[in-house]
Amino acid sequence: MATIRTVCAHDCPDMCSLLAHVEDGRIVRIQGDPDHPFTAGFACGKVNRDMDLVYSPERLTTPLRRIGPKGSGSFEPITWEQALNEIVARWSGIIAESGPEAILGYAYSAHQGQINRGLTNGLFHALGTSRLLGGTVCDSCADAAWEATVGPIGGADPESVVESDLVISWGSDLHATNVHLWAKIEQARKRGVKLVAIDPRRTRTARAADFYLPIRIGTDSALALGVMHILVRDGLADRAYLAAHTLGFDQVERDVLPRFTPERTAEITGLPVADIERFAAMYGAARKSFMRIGFGMSRYVHGGQNLRTVALLPGVTGAYGRYGGGAIVATAASFDLNYNAVRKPSGPAVARTVNHLKLGEALLAAGDAPIRALFIAANNPAVTNPDTGKIRAGLAREDLFTVVHDPFMTATARYADIVLPAATYLETEDFYRSYGTYYMQYGQRVVAPLGEAWSNLRLTQTLAARMGVADPVFSMTPPEIMKELFRGADVKADPKTLLNGVAVSIAGRSGQQFRTPSGKLEFYSQALADQGLPPMPDWVAEPVAAYPLRLLTTPGYFQSHTAFSGVAFLREREGVPYAVLHPEDAASRGLTDGQAVRLHNGLGQVSLRLRVRDEVQPGVVLVPGQRPDEEAAGGTVNMLCADGYTDMGAGATYQSTWLEVSAARSIG
Ligand SMILES: Nc1nc2c(c(=O)[nH]1)N[C@H]1C(S)=C(S)[C@@H](COP(=O)(O)OP(=O)(O)OC[C@H]3O[C@@H](n4cnc5c(=O)[nH]c(N)nc54)[C@H](O)[C@@H]3O)O[C@H]1N2
Ligand SMILES: Nc1nc2c(c(=O)[nH]1)N[C@H]1C(S)=C(S)[C@@H](COP(=O)(O)OP(=O)(O)OC[C@H]3O[C@@H](n4cnc5c(=O)[nH]c(N)nc54)[C@H](O)[C@@H]3O)O[C@H]1N2
Ligand code: SF4
Ligand SMILES: [Mo]
C-alpha cells in the first residue's frame, strides 16, 4: 500500500495536509496528516470520506452533448475530440463575429489550487474575454471592510489562539467551517480560557461555548459599539495603544459611542443588558482576546459596516498588539505571490467585467453586445448564486453556448450545451496557500483521473494550445508554474522543500500589522469617506420589506455548498433539506414540526420540511446549506434572495432577505 501526502483543495480555511492510502490504484483511506501542525492528524467528517467523492457512482466519466431542452438534463456521450472541436469552433466563430468580450469564462473556488483555478482564469484573461469579478458571492464585502479598517493583510495566526486568554467566535460556526481552529481553541480551554459565541443561531459551536450571545441578525456593529461604550465608561480602553496605533478613535468616542448605551444596544441586538455588560467586562479584562470573525455577518445590506465595526474592537483594548490576541477574518492577503504570472499571463489590461452576483442579469441583458458563450468550472451558480431564478432564465437562453466543467451533473450543468467531466483534486497536483492559516503546501496527485475526467489544468492547457494562446505558462508543468508564482514575490519558499510535500508557514509572532493608508487601525477611514460611505463605524437599521420574517442561511455540517452533493452518505448525514422556525412563529402560523412548508416572497418559493426549535430567535427562518432542488424537490433557498450589493465590496446580501412561511400540501 502506498501513502501519498496531498492537500485538501475544498473551499475551506483549514487547508489540511492529507495522507491518502492507495491500494491497486484505488484510494482506500484518507486521513489528516499527523506531521502538519494545524491539521494535527485529523480530517473533517466530509473529507475523511473523500474516496466516496472520487468513486461516487454519480461521477461524470465522459464528455456530454445536450440533446434535450436546456435544464432538462438530457445528454449523449461524445468523445473529447468532438467536444474540443465544437468548443474551439464555436469560440473562434464568436470571437471573429463579436469580439472576445462576447465570451465569459471562469473557474471559481471549489478547487483552491493556485494552478488549477488560476490558470483557467488566466486562459480567459489571455483570450481577452469578459472577466468575472469573483468573490462577491463569498468574501468580497468582508475583505473590503477588513481592508478599510486593518488593510490588505491577514489577521491573527489561528495557531496563536493557544496563547490567548479569551476566545470569541463571532459569527462563525467553527464546528462546520473551521474544525481545526476549534481543536486549537479546545487546547486553550483546557487552561481555563473561556469561549464566547455570538451568533443568531444556537450553532454547535454556540452550544459548546461558555457564554452564548444570541444576537439579532445584522446588529453586530451595534453590539461592538455598545461594548466600546462600556470599555470607555469603565476605564478599560488601552489609551496608550489607541494613541500609538489607531486613527480617529477620539471622533468615534465623541460622536458615535454616546448613542450606544447598554440599554439602546440591548434594544437593537435583542440581548439582555446584563449579558452585554458581562461580555464587555470579560473583553475588557482580557489582555490577549482572540476573535474569529465569520463572513456571515457581512452578507447584509450593511454587512461591511457590521464586520468593520467588530474588527475595530481589539484596537480598543490593545489586543491587536499582542500575539495570541487580535482578530482573524482571513489570511490570504498576506501571501504576496506573483499571481499575475498565472491569472493574467497576457491579454488586454481592461475588458468588460461581470460581477458574479449579476451573472443572471449579464446573461439576460439585451443590447448589441450580448454574452454569447459561457464557460463555468468549479461553480454551481444555478444553486449557490442569489436570485437563482434569474440565473436559470439566463442559462436557458437558446442562443447561449454554455460549457460546464464539473465532476458531477449539477443544476448548472443541466443547462450546458457541452458538459466536461472534471477530475477531483485527488486526481491532480497543485500548489496551495491557505486563506485561514499561514501555510503553503504542494499537493501531489494521488490517483489517475476516473474514466475520461480531466483536471482544470489539462483542459486549460489543451484549450490554450487549440485557441492559439502561446504564453509559456500554458505548456509548463505544475512545479514549473509554481516557480513562476514565486518569481519576484515578497513571499519566499524553497521550491524543493515544497515539492517534498513540506508545509511552509509565513506566520510571524508579532501583533497585528496595519496596511491602511495611515499605517494604523482606522476608526476613521478617509478611503470610505471618498467612496461616499460613512467613515466611522455606526449601526443603521436594515431596509424593511413587505414580508414579516428574515432569512438566516448557514453552512451545512456535512455539506459545503453543493460540492459534496454527489456523495450519498453525506447527503444522508445532512438529512432532508429543512427550515427552522422558533416555536412562537410556528404557533402563530399554525405550523407544526415535521410538516411541509413553503417559504415565499416576491422572488420565488421553496418547499422544505419544517423544524420547530428555539435554535433561532422569533422573526427568523433558518435554512442551513444550499441544497440543490434535486434533494429538496421544491426549489433552492437562493430563489428567495435578491442580487443586490452590500455597502462595501459589491458582495452578496443573502441575509437581507425577507419572506413568509406557510403550510404546503406536500413537499414538492
Ligand atoms: N461544512 C462547511 N464548511 C464550509 C462551508 C460550508 O458550506 N460547509 N463553506 C466554505 C466557504 S466557501 C466559506 S466562505 C467558509 C465560510 O466560513 P465562515 O465565515 O466561518 O462562515 P459563514 O458561513 O460565512 O458564517 C456562518 C455563521 O455566521 C452566522 N451569522 C449569520 N448572520 C450573522 C449576523 O448577523 N451576526 C452574527 N454574529 N452571525 C451571523 C451564521 O449563523 C453562521 O453560524 O466556510 C467554508 N467551509
Ligand atoms: N444562501 C446562501 N448562498 C450562498 C452562501 C451562503 O452563505 N448562503 N455562501 C456563498 C459562498 S461563501 C460561496 S464560496 C458560494 C460557493 O458556491 P459554488 O462555487 O457554486 O460552490 P459549490 O457548490 O461548492 O460548487 C462548486 C462546483 O464545483 C465542482 N468542483 C469541485 N471540484 C472541482 C474541480 O476540481 N474542477 C471543477 N471543474 N469543478 C469542481 C463541484 O462538483 C461543484 O459542482 O456559495 C455562496 N452561496
Ligand atoms: S477541514 Fe477543511 S481543509 Fe480540512 S479536510 Fe475538511 S474540508 Fe478539507
Ligand atoms: Mo465562500
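Is there any pair with a first residue in segment 411-424 that is in a loop (DSSP other than H, G, I, E, B) and a second that is within 16 Å of ligand 1 (Cβ to nearest atom) whose Cβ atoms are under 7 Å apart and which are 6 or more apart or on different chains, and what are they?
Within 7 Å, the pairs are ALA411/ASN380; ALA411/VAL383; ALA411/PRO628; THR412/ASN380; THR412/PRO381; THR424/LEU53.
What strands (runs of 3 or more DSSP E) completely inside segment 46-115 contain at least 2 residues that are under 26 Å from the mean Cα position of the chain (by Cα) and among the acidic types (Asp, Glu)?
Strands (runs of 3 or more DSSP E) meeting the threshold: none at all.
Return the residue satisfying two criteria in turn: it lies in segment 127-146 and is farther than 14 Å from GLY303 by Cβ and not in a loop (DSSP other than H, G, I, E, B), and of such residues it is nearest to ligand 3 (Cβ to nearest atom).
In this case the residue turns out to be LEU132.
For segment 200-231, give me each residue that is within 19 Å of ARG308 (Cβ to Cβ) and either assigned to a helix (DSSP H, G or I) or in contact with a Gly (Cβ under 6 Å, 6 or more places away or on another chain) (or both).
Listed by number, the residues that qualify are ARG216, ASP220, SER221, ALA222, LEU223, ALA224, LEU225, GLY226, VAL227, MET228, HIS229, LEU231.
Just to verify a result, which residue in segment 13-68, among those that are on the phi > 0 side of the Ramachandran plot and within 12 Å of ligand 3 (Cβ to nearest atom), is surrounded by the fewest Cβ atoms within 10 Å (Cβ to Cβ)?
GLY41
Would a scan of segment 291-299 turn up a residue that is closer than 20 Å to ALA237 by Cα and more than 16 Å from ligand 2 (Cβ to nearest atom)?
Checked segment 291-299: at least one residue is closer than 20 Å to ALA237 by Cα and more than 16 Å from ligand 2 (Cβ to nearest atom).
Being over 22 Å from ARG627 (Cα atoms) and in contact with a Leu (Cβ under 8 Å, 6 or more places away or on another chain) is the filter here; which residues of segment 570-588 pass it?
Residues satisfying the conditions are ASP585, ALA586.
Can you tell me which of ARG299, ARG292, ARG287 is within 16 Å of ligand 3 (Cβ to nearest atom) and not assigned by TED's automatic domain parsing to the domain that holds ASN121?
Testing whether each residue is within 16 Å of ligand 3 (Cβ to nearest atom) and not assigned by TED's automatic domain parsing to the domain that holds ASN121 leaves just ARG292.
Give the residue, chosen from PRO370, PRO345, PRO386, that is within 16 Å of ligand 2 (Cβ to nearest atom) and in a loop (DSSP other than H, G, I, E, B).
None of the others qualify; the one that does is PRO386.
Give me a count of the residues in segment 342-359 that are more than 20 Å from the chain's Cα centre (by Cα) and either surrounded by fewer than 23 Cβ atoms within 10 Å (Cβ to Cβ) or at pLDDT below 95 (or both).
So the count comes out to 10.
Suppose we filter GLU159, GLU186 for residues that are within 16 Å of ligand 3 (Cβ to nearest atom) and free of Cβ contacts under 8 Å to residues at least 60 places away in the same chain; which single one remains?
Within the list GLU159, GLU186, the selection yields GLU186.
Of (1) part of a loop (DSSP other than H, G, I, E, B); (2) more than 25 Å from GLY394 (Cα to Cα); (3) more than 16 Å from ligand 1 (Cβ to nearest atom), PHE42 satisfies all except one. Which?
Condition not satisfied by PHE42: (3).
Can you name every residue in segment 175-191 that is near ligand 1 (Cβ under 7 Å from one of its atoms) and assigned to a helix (DSSP H, G or I)?
Within segment 175-191, ALA176, THR177 meet the criteria.
Which one of these does ALA244 not meet: (1) small (Gly, Ala, Ser); (2) in contact with a strand residue (DSSP E or B) (Cβ under 9 Å, 6 or more places away or on another chain); (3) in a helix (DSSP H, G or I)?
Evaluating ALA244 over (1) small (Gly, Ala, Ser); (2) in contact with a strand residue (DSSP E or B) (Cβ under 9 Å, 6 or more places away or on another chain); (3) in a helix (DSSP H, G or I) leaves (2) as the failure.
The values are calculated or read from the model by the stated rules, or taken from the named source; none is laboratory data. What you see is a predicted model, and the numbers here were worked out from it, not measured in a lab. All Cβ positions, even for glycine, are placed from backbone atoms using ideal geometry, and neighbour counts span all protein chains on display.
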